[in-house]
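Scroll down for the structure; my scribbles are underneath it.
The values are calculated or read from the model by the stated rules, or taken from the named source; none is laboratory data. All values reported here derive from a predicted model rather than from experimental measurement. Because the Cβ atoms are built from the backbone with ideal geometry, glycine has one as well, and the counts that use them run over all protein chains shown. Only protein heavy atoms, including side chains, enter the accessible area calculation; ligands, DNA and RNA are left aside. Shrake-Rupley method; radii C 1.70, N 1.55, O 1.52, S 1.80 Å.
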Amino acid sequence: MKKRAIFSLLSATVLSCSQSPKGNTVVKGEIEGLKQGTLYIQKLANNQLQTVDSAVVSKTSTFETSFDLDEAEVLYLTLDRGQTISEDNHILFFAEPGKITINTTLEHFSYDATVSGSKTHEDLKKYYISKKQWIDRKNELIKEQLNAAKNKNTQKSDELHKAIINNDQRIMLNAVQYSLKNPESIASAYITLTDVLPLSDKYLDTIYNSLRADVKKHKYAQLINEYLTHSKSDVNIR
């Protein structure tokens, strides 16, 4: 229950945009191949994407939008293609006050995306690169398990299920290692919430205590501390 509460809080932590036409955060870029559509800057709140700002694209492939942001936050650039149907419509990026550029293509909206101007996003990108080998391995194991189940090879399917669980542990340990090696990055607190806490709270104390003092003031780190505080309170009550 506590973990679900933390994730609900995590999804509601992004600040809303300013009502003024200009803000302290500018996101601009180009989507090669786009002729018209609407782009939304969105936040995850109450397990749903909510719009922070938007930009209408017509007869051009470039866009620009601005909004107010107090600190680095994970946001999404979402494309409404109009009459064209596609599931590839979201780009996750770590926004921070300043100027951010996102370039991509209409054909491979999320896969071709490049983000510049955000140091925190660069930190997150480095982590995702380190995580990729384990994600690729998990996808291979899942495919093999589905084939084993299809062929009614129960023993092989069970073995692969255990291998998937072990691989998930490696994904978590990779996240722990990255966060401990990068205590100065807000991305480490976010990674801990998304890739460590869902599987285990064993390393939370160590990671939180290793975070630099200014990072501990960030809301993602505060969510970690809140979870630890509630966990210790439950132990004392028992």
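Straight Cα distances below 27 angstrom link residue 138 to the lysines 3, 125, 126, 150, 152, 156, 162, 181, 202, with same-chain residues fewer than 8 positions distant left out. Across 106, 79, the residue with the most accessible area heads the list, and the full order at a 1.4 Å probe is 106, 79.
Before rounding to the nearest 500, sum -39500 (n - 2.57) across all DSSP H runs of length at least 4 in the chain and divide by the residue total; then give [θ] at 222 nm in deg cm²/dmol.
Numbers: 7 runs with 105 residues, N = 238.
The helix contribution divided over the chain gives -14500 deg cm²/dmol.
Which of 154, 101, 171 sits closest to the plus end of the dipole of the stretch 84-174, meaning its Cα is farthest towards the positive end, when Lys and Arg get +1 and Asp and Glu get -1 on the C-beta? The one lying farthest along the dipole's positive direction is 154.
May I ask you to compute the full-extension gain from residue 130 to residue 26, defined as 0.36 nm times their residue separation minus their alpha-carbon distance, rounded to one decimal in nm?
On the way: separation 104, 0.36 × 104 = 37.44 nm, distance 2.87 nm.
Value of the extension gain: 34.6 nm.
Could you state how much accessible area residue 112 has, in square angstrom rounded to the nearest 10, with a 1.4 Å probe and all protein chains kept in place? Approximately 50 Å² for this residue. All C-alpha to C-alpha distances of the chain, sorted into 10 Å bins beginning at zero, yield P(r) values of 7, 26, 31, 23, 11, 2, 0 percent in whole numbers. Taking the chain as a Gaussian network of alpha-carbon nodes connected by springs under 10 Å, the highest mean-square fluctuation of the residues 182, 151, 174 belongs to 151.
Only Lys, Arg, Asp and Glu carry charge here, each on its Cβ (+1 for the first two, -1 for the last two); on that basis the chain has a dipole of about 640 debye about its Cα centre. In the stretch 168-238, Cα pairs under 8 Å separated by at least six residues give a relative contact order of 31 percent. Of the GluC sites (Glu not before Pro) in the stretch 126-222, the ones in a loop by DSSP (not H, G, I, E or B) with at most 15 other beta carbons within 10 Å are 184.
For the stretch 88-238, which whole-number percentage of the solvent-accessible area (1.4 Å probe, protein heavy atoms only) is attributable to carbon and sulfur atoms?
On the way: 4360 of 8570 Å².
Carbon plus sulfur share of accessible area: 51 percent.
List the trypsin sites (Lys or Arg not before Pro) in the stretch 115-201 that DSSP assigns to loop (not H, G, I, E or B) and whose Cβ has at most 15 other Cβ atoms within 10 Å. Which are they? The qualifying sites are 152.
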